[in-house]
Amino acid sequence: MSMQEGQQITLADAPVDDLHRMEQLDEEPGSRFHVPAPVRIVWQNRKARVGLVMLAIFALAAIFAPVIAPYDPHDTSFFPSESPSGDHWLGTTQAGEDIWSQLIWGARTSLIIGALAGTFSTLIGLVIGMIAGYAGGIIDDILSFFINLALVVPTLPLMVTISAYSQVSGIAIIIIVISVTGWGWGARVKRSQIISLRERDYITASIFAGDSMVRIVFREIMPNMMSLIVASFIGAAGGAIGAEAGLAFLGLGDPQTVSWGTMLMWANNSGAMLTGQWAYLFAPGLALALLITSLTLVNFGVDAISNPHLREE
Amino acid sequence: MVYFIRKVFFFLLTLWAAVTLNFIIPRVQGGDPAEAIVTKLTGQNQAVNPAQIEAIRTMLGVPDEPIWRQYIDYLDQTLHGNFGISYSYFPYTVLHMISEALPWTLVLVGITQIISFAIGTALGTWAAWRRNGRFDSFVSTFAAFFGTLPYFWIALLLLYLFAFKWSWFPNSGGYDGDHPPGWNLDFIRSAAYHSILPAVSILVTGPIGWIMQMRNTMIQTLGEDYTRLARAKGLSERRIAFTYGARNAILPNVTGFALSLGGLIGGSILVEQIFNYPGMGRLMFEAIGNRDYPLIQTIFLFLTIGVLTANFIADLLYGVLDPRVRRGGES
């Protein structure tokens, strides 16, 4: 976690105009198909390429889960607590469900949580960070206070407290809880980026042209920090996936949804340690780590969009 | 001086905000929160006894009063340390339960954080100094994977391998039942023995963030003019690496040290639960299971105040260490 945060800080410290770089790069000849420059830069980065391939595998597993998974993840008709075998690659749960099928369906839950909670927390961070950075003065002071507050309040205990009070349990409430607690870093990074961008000449020109603040912030400045926004979305998605796993592991998830966190909770509570079902303990966590790794790797490429020093030829 | 006054002001303001947040959370759901909780408990077929309702009332104040009155009562109770009675550990007070659990978490989180920081900073210095060397390439390549391993999953694997499979370490608890807590060698030895696996679960990935942060900052400081000057003066390599490169690069880590505590506490909640370690994390987990709301909320408040205080100290320290921050405005 803190590693990603570190990268975001460096990004913010080295602000550059994405659009202007993109335009120059787009004119490079020699490619038969028109590949947008950002995509090309990300793909050219070796780490990001590995990450994209991994992410694509997870995405395919999530989309085609009903086709790929050999059994229904809720089918309890098998012999319980079995070790891996030809019929059940990763064995069966204490309730007699197929672990491999659950693992595949779990990708769907994680990706949905990552995409939605990542989007929402990025949006909250974007709006608050941009207004704070652009408006300055007392508005900035007040919003910065909330940003700092969101950064220092320990997230998991806060999520646990809110979840414990919520009357309903389900995937929607988890997404909301993660979104409202996890926007601090995004807001902080965007605020410092906008502070350095707002002094540019084209912004001064917009102000003289009489453009409104909303227009300047969202039409003039925002397109120039797209790579930063994408990077913070990917970071937030990874954080959300990890947070969901933690909440589900604590038993605060939706019991009806198959998720890697819930699987680990059952593996821990059902005596997989005693029965020696190492695959039950090992597989969901590895899947979780690989998915978050793939996002971190993709971000190496996204960082390279705004920072040419990080590019690989 | 302005810097320090600002920081004290910010600290007090965040403290107040955290206490207020704690007041707001149960009331966001609307309606009478005490009643809602009682309904929820009965809905789960749990017997609601008068003591529980009394505990809920103590925690939430008298709901017939206007909200500002409740808020003032709440602030008053909080300032006087009245957090009510835990209804899953009746008749113990919430404060009593927390005072028993807090030292365990303080020691576990404190020690692992300091060790992670020390190892990470040292290895980060090494990686930056021998940039593109063998260790640097190894760390840079694998940090993206090992840094994302969830603490609680590592904890599960360690528990399975070292406690269940090979029985090298105890599989549960914070100390041996034969040695009750106290300041004697037997207890300390048994507590240390029990805390090895929980601590290692955190230490496997803990230093990685620090390594990367230190490495990246130090690569920058090694490129600065003052480092070049140091080289031109013919200072020893050692001196350049530690006094010029590392010493300047360590500054951002001081702020990071306190900020990352929040994440570490989250991780330790899960780890403690796995090892049945008698700290705040396990207490919180049990409080969730029992729907012990006074306990859940007070734990949240204590953890938040802990992180806030750590950040406050880090801010002050940063001001002492870096004269630039103290003099100029910070952004």
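The values are calculated or read from the model by the stated rules, or taken from the named source; none is laboratory data. Predicted model only: the values in this text are computed from it and were never measured. No Cβ is skipped: glycine too gets one built from the backbone with ideal geometry, and neighbour counts run over all protein chains shown.
Listing for the model above:
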{"quantity": "All helices (runs of 4 or more DSSP H) inside region B:278-331 with 1 or more residues being within 21 Å of B:Asn253 (Cα to Cα) and within 12 Å of chain A (Cβ to nearest Cβ)", "calculated": "B:293-321"}
{"quantity": "Test set (1) touching a residue at least 12 places away in the same chain (Cβ under 8 Å); (2) more than 24 Å from B:Asn216 (Cβ to Cβ) - B:Tyr244 fails condition number", "calculated": "(2)"}
{"quantity": "Criterion (among the aromatic types (Phe, Trp, Tyr) and either within 21 Å of the chain's Cα centre (by Cα) or crowded, with 18+ Cβ neighbours inside 10 Å (or both)) met by exactly one of B:Phe169, B:Phe145", "calculated": "B:Phe169"}
{"quantity": "Hits in region B:155-171 (condition: facing another protein chain (nearest Cβ under 8 Å) and either hydroxyl-bearing (Ser, Thr, Tyr) or under 17 Å from A:Phe249 (Cα atoms) (or both))", "calculated": "B:Leu156, B:Leu157, B:Leu159, B:Tyr160"}
{"quantity": "When residues of region B:158-177 are limited to those that are free of Cβ contacts under 8 Å to residues at least 12 places away in the same chain and in a loop (DSSP other than H, G, I, E, B), the one farthest from A:Gly271 (Cα to Cα)", "calculated": "B:Gly177"}
{"quantity": "Residues satisfying the stated conditions in region A:154-198, i.e. part of a loop (DSSP other than H, G, I, E, B) and touching a residue at least 24 places away in the same chain (Cβ under 8 Å)", "calculated": "A:Ser169, A:Gly170, A:Gly182, A:Trp183, A:Arg198"}
{"quantity": "Some residue of region B:217-226 being among the small types (Gly, Ala, Ser), free of Cβ contacts under 8 Å to residues at least 60 places away in the same chain and at negative phi", "calculated": "yes"}
{"quantity": "Leading residue by the ranking (surrounded by the most Cβ atoms within 10 Å (Cβ to Cβ)) among those in region A:114-168 that are aromatic (Phe, Trp, Tyr) and more than 13 Å from chain B (Cβ to nearest Cβ)", "calculated": "A:Tyr134"}
{"quantity": "Count - residues of region B:21-30 that are more than 10 Å from chain A (Cβ to nearest Cβ) and touching a residue at least 40 places away in the same chain (Cβ under 8 Å)", "calculated": "1"}
{"quantity": "Filter result for the condition that a residue is over 26 Å from A:Gly246 (Cα atoms) and at pLDDT 80 or above, over A:Asp87, A:Asp13", "calculated": "A:Asp87"}
{"quantity": "Qualifying residue in region A:119-141 (condition: under 30 Å from B:Leu283 (Cβ atoms), of a type outside the set (Asp, Glu) and out of contact with any Cys (no Cβ under 7 Å at 6 or more places or on another chain))", "calculated": "yes"}
{"quantity": "Given (1) under 19 Å from B:Thr121 (Cα atoms); (2) surrounded by fewer than 24 Cβ atoms within 10 Å (Cβ to Cβ), index of the condition B:Gly245 fails", "calculated": "(2)"}
{"quantity": "Residue within region A:214-232 that is at the interface with chain B (Cβ under 10 Å from one of its Cβ atoms) and in contact (Cβ under 8 Å) with a residue 24 or more places away in the chain present", "calculated": "no"}
{"quantity": "Flag if A:Trp105 is crowded, with 19+ Cβ neighbours inside 10 Å, in contact with a Leu (Cβ under 7 Å, 6 or more places away or on another chain) and not acidic (Asp, Glu)", "calculated": "no"}
{"quantity": "One residue from A:Ile178, A:Ile99 being in contact with an Asp or Glu (Cβ under 7 Å, 6 or more places away or on another chain) and either within 27 Å of A:Gly276 (Cβ to Cβ) or within 14 Å of chain B (Cβ to nearest Cβ) (or both)", "calculated": "A:Ile178"}
{"quantity": "Residue that is surrounded by the most Cβ atoms within 10 Å (Cβ to Cβ), among those in region A:248-278 that are hydroxyl-bearing (Ser, Thr, Tyr) and either more than 25 Å from the chain's Cα centre (by Cα) or part of a helix (DSSP H, G or I) (or both)", "calculated": "A:Thr262"}
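Every residue, every condition in (1) under 19 Å from A:Val214 (Cα atoms); (2) polar (S, T, N, Q), yes or no:
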{"site": "A:Thr122", "(1), (2)": "yes, yes"}
{"site": "A:Ile138", "(1), (2)": "yes, no"}
{"site": "A:Phe146", "(1), (2)": "no, no"}
{"site": "A:Tyr165", "(1), (2)": "no, no"}
{"site": "A:Ile175", "(1), (2)": "no, no"}
{"site": "A:Trp183", "(1), (2)": "no, no"}
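Rundown of residues vs (1) modelled with pLDDT under 90; (2) under 23 Å from B:Phe300 (Cα atoms); (3) surrounded by fewer than 16 Cβ atoms within 10 Å (Cβ to Cβ); (4) of a type in the set (Asp, Glu), yes/no style:
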{"residue": "B:Gln70", "(1), (2), (3), (4)": "yes, yes, no, no"}
{"residue": "B:Ser88", "(1), (2), (3), (4)": "yes, yes, no, no"}
{"residue": "B:Ile98", "(1), (2), (3), (4)": "no, yes, no, no"}
{"residue": "B:Thr121", "(1), (2), (3), (4)": "no, no, no, no"}
{"residue": "B:Ser140", "(1), (2), (3), (4)": "yes, no, no, no"}
